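Accompanying notes for the structure given below.
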Amino acid sequence: MQLLRTTAAVRRLVHAWQESGASVALVPTLGNLHAGHVSLAGIARRRADRVIASIFVNPTQFGPGEDYASYPRTLRADTAQLRAAGVDAVFLPTVRVMYPRGDRDSVTVSVPGLSTDLCGAHRPGHFDGVASVVLRLFNIVTPDVAVFGEKDYQQLLLLKRMARDLHLDLEIVGAPTVREADGLAMSSRNQYLDAGQRRIAPALYATLGECRSQLLAGNRAWGRIERRARQRLEVAGLRPDYVAIRDARDLAPPTGASRSLRVLAAAWLGRARLIDNIGVRLR
Ligand code: PAF
């Protein structure tokens, strides 16, 4: 597995792969990898002849007071996992490489609507940072396929919309959320939870499951279902930012005609902000 630190090195390698007729999949990450990331690499492996992952703690997607400085940097363990997952190369850029003019004064990409709703409303600028770094990665790597986890469902839709709007010639693939045995979605931030909080954390997924059951039972009182879910989270000891039932296609509020829904939630537990979502297919 090759470790690449410059855009020129990435371009050279990917160009050689593409010249030989190989397709290329990209798995962008912030590092501090877990089984969820390994599953993204596995999906990439099945989708393309060559797989390149990136590890970059992207400063532009962290807001003031968020965990940019303390985000765990675990390069050795990360590269070992990627090697075991069959990844061919890892791009390890610095901030200077990704943002040659500096991270505060560079071109920003914004996806209207989606970037300021739900998590975007609670983390202003977050999705502009995500779109801006992912577009740079797409331009450097020029992959045929890029794989992102469905745990960040809003991010996945936003990146798909960016790709469509900007006529990017690649396929964006969503990968199912990988969960702990008790239902908690795997996340690097789960390690911020102490033992007591870790016992409470599965309440997030359980609450989404409860919303799903109500929707499947025919309840269409979206607002009431959301309010009850928030209360349930509060009683469990979480501090919800939101619980929202949305149309799965575009995250707009559902209408009577919506058949594919997504229930999304974000909640604080200690210093961890947990997010999760669940799909609901109505008949
Ligand atoms: O989902 C993530 O890990 C990040 O938002 C991403 C897509 C790697 C961009 O920094």
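Screening the candidates ALA84, ALA121, ALA89, ALA69 for the property of being away from the ligand (no atom under 13 Å from the Cβ), buried (at least 18 other Cβ atoms within 10 Å of the Cβ) and either within 27 Å of ALA44 (Cβ to Cβ) or of a type outside the set (Val, Ile, Thr) (or both) yields one hit, ALA89. Looking at the structure I just gave you, is ARG281 under 22 Å from THR177 (Cα atoms) and either without any contact (Cβ under 8 Å) to a residue 60 or more places away in the chain or loosely packed, with under 13 Cβ neighbours inside 10 Å (or both)? Yes; evaluated as a whole, the condition is true for this residue. If you go through the stretch 146-173 and pick out every residue that is farther than 18 Å from SER23 by Cα, within 12 Å of the ligand (Cβ to nearest atom) and not acidic (Asp, Glu), you end up with 9. Pairing residues of the stretch 152-163 that are touching a residue at least 40 places away in the same chain (Cβ under 8 Å) with residues that are in a helix (DSSP H, G or I) and more than 12 Å from the ligand (Cβ to nearest atom), at Cβ distances under 7 Å and at least 6 apart in sequence or on separate chains, gives GLN154/LEU114; LEU157/LEU114; LEU158/LEU114; LEU158/SER115; ARG161/LEU114.
Would you call ASP128 farther than 21 Å from SER23 by Cβ, at pLDDT 95 or above and within 14 Å of the ligand (Cβ to nearest atom)? So ASP128 fits the description; yes. The set of residues from the stretch 57-91 being touching a Phe, Trp or Tyr at 6+ places or on another chain (Cβ under 8 Å) and hydrophobic (A, V, I, L, M, F, W, C) comprises VAL57, PHE62, PHE91. Inclusion of PRO143 among residues that are in a loop (DSSP other than H, G, I, E, B) and within 12 Å of the ligand (Cβ to nearest atom) is not warranted. Which of the residues that make up the stretch 18-40 are assigned to a helix (DSSP H, G or I) and either closer than 25 Å to SER70 by Cα or in contact (Cβ under 8 Å) with a residue 40 or more places away in the chain (or both)? Residues satisfying the conditions are GLN18, ALA35, GLY36, HIS37, VAL38, SER39, LEU40. What do you reckon, is TYR242 among the aromatic types (Phe, Trp, Tyr), crowded, with 17+ Cβ neighbours inside 10 Å and part of a helix (DSSP H, G or I)? When the stated conditions are applied, TYR242 does not pass them.
PRO64 meets all of the listed conditions (1) free of Cβ contacts under 8 Å to residues at least 12 places away in the same chain; (2) touching a helix residue (DSSP H, G or I) at 6+ places or on another chain (Cβ under 9 Å) but one, namely (2).
For beta carbons closer than 6 Å, sequence separation of 6+ or different chains, a first residue in the stretch 41-54 that is closer than 16 Å to ASP78 by Cβ and a second that is in a loop (DSSP other than H, G, I, E, B), the qualifying pairs are ALA41/ALA85; ALA41/VAL87; VAL51/VAL87; VAL51/ASP88; ALA53/VAL87. Scanning the stretch 140-157 for residues that are over 19 Å from ILE52 (Cβ atoms) and among the polar types (S, T, N, Q) gives GLN154, GLN155.
Could you please let me know if VAL134 is within 17 Å of LEU159 (Cα to Cα), assigned to a helix (DSSP H, G or I), modelled with pLDDT of 95 or more and in contact with an Asp or Glu (Cβ under 9 Å, 6 or more places away or on another chain)? So VAL134 fails the test.
Could you go through the stretch 70-88 and let me know if any residue there is over 24 Å from VAL10 (Cα atoms), over 14 Å from the mean Cα position of the chain (by Cα) and in contact (Cβ under 8 Å) with a residue 24 or more places away in the chain. Yes; the residues of the stretch 70-88 include at least one that is over 24 Å from VAL10 (Cα atoms), over 14 Å from the mean Cα position of the chain (by Cα) and in contact (Cβ under 8 Å) with a residue 24 or more places away in the chain. Pick from ARG227, ARG220: which is not in a helix (DSSP H, G or I) and not acidic (Asp, Glu)? Step by step, each of ARG227, ARG220 is checked, and only ARG220 is not in a helix (DSSP H, G or I) and not acidic (Asp, Glu).
The values are calculated or read from the model by the stated rules, or taken from the named source; none is laboratory data. For clarity, every value in this text was computed on a predicted model and none was experimentally measured. Heads up, the Cβs are rebuilt from the backbone with ideal geometry, glycines too, and the neighbour counts pull from every protein chain shown.
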